[in-house]
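Below: one structure, written as structure tokens.
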Amino acid sequence: MNLQQSAKNIRTTILKMIYNSKSSHIWSAFSVVDILTYIYFTQFKNWDKLILSKWHAWSALYATLAELWNIDKEKLINTYCTNWQKLWWHVTLWSVPWVDVTAWALWHWLSMWIWMALSLKKNRVYVILWDWEINEWSIWEWFLFAQQKKLNNLVVVIDKNGQQAMWPTKDIIDIPNLDKVMINLWWHVQVIDWNNFDDIERAFNNLSENQSNLIIADTIKWKWVDFMEDNVVFHYKTPTEEQYNDALLQINK
């Protein structure tokens, strides 16, 4: 299995979906592709659960599952975020059969999936958070609750890209040394380069069987396209035709 090629295919599909629909959030989607590819292609088993809490990136999940299940990508590209179709930026319970809940306030996902982890002790529950979500106080309550209940089947991944909306996260509510903070809350913590499959594999091979697991994933938004890298405008902007063609070439080089 070539994870690198699968990730390239997924990014290509995302770019086409967003360009065709003239929608946005391409920045958020690209930063989660590698971790979604690794989990779904190598880790995911029947009755495991994954929640993409940063639901601005749902186009990445649609594209990942299309690659995994060999779904018609052209249909996905032509119907994403278009009138009277089911696949939107923010997923709904009735949009696709494998979705368990409707997307809602970002930071409340963790609480829901902690309860899922309690009831599915023989299965893993994966939660992917954006780093600015941990500015919300309720997240910390659930961090404490998860370790109190010894939820060793819970794997939380934080997409630590350092950006929220229009400003750097550190300029809003900075949490320095997040890894040490979480170790002091009795979580098993690993810090990785999210854009490196070897790092991702090492982290998943080193998950704790006795503690709740946290993977802090350092990532760069739009790392694969030079004019979009860490450029906040591409959280909101649809690429122009010239930018679209340039991005396609860079993704697949």
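Read the figures in this text as sums done on the coordinates, not as results from a lab. Nothing here was measured: the structure is a model prediction, and the numbers come from that model. Positions of Cβ are backbone-derived with ideal geometry, glycine not excepted, and every protein chain shown enters the neighbour counts.
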**Message:** Given a 10 angstrom Cα cut-off, can you work out which residue in 178, 65, 129 is the most mobile in a GNM of the chain?
**Reply:** 178
**Request:** Mind checking which aspartates and glutamates have their Cα closer than 16 Å to the Cα of residue 122? Skip sequence neighbours fewer than 8 apart in that chain.
**Result:** 48, 209
**Item:** Listed pairs 16/149; 73/160; 73/170; 16/180; 170/237 exceeding 31 Å between Cα atoms
**Value:** 16/149; 73/170; 16/180
**Request:** Just add up the charged neighbours of residue 111: K/R +1, D/E -1, any other residue whose Cβ is under 13 Å from the Cβ of residue 111.
**Result:** -2
**Asked** To the nearest 500 deg cm²/dmol, what mean residue ellipticity at 222 nm is calculated for the chain from DSSP H runs of n ≥ 4 alone, each contributing -39,500 (n - 2.57), summed and divided by the residues?
**Response** -11500 deg cm²/dmol
**Message:** Just to confirm a number: summing +1 for Lys and Arg and -1 for Asp and Glu over residues other than residue 73 whose beta-carbon lies under 10 angstrom from that of residue 73, what do you get?
**Reply:** -1
**Message:** For 59, 6, which order do you get if you count the other beta carbons within 10 Å of each Cβ and list the fewest first?
**Reply:** 6, 59
**Prompt:** Quick one: net charge of residue 126's neighbours, Cβ under 9 Å, K/R +1, D/E -1?
**Reply:** +1
**Item:** Full-stretch length increase - residue 47, residue 208 - with 0.36 nm per residue and alpha-carbon distance subtracted
**Value:** 56.0 nm
**Message:** Taking the square root of 5 times each eigenvalue of the Cα gyration tensor, what semi-axes in Å does the equivalent ellipsoid of the chain have, largest first?
**Reply:** 28, 20, 18
**Item:** Computed lengthening from residue 166 to residue 119, 0.36 nm per intervening residue step minus Cα-Cα distance
**Value:** 13.1 nm
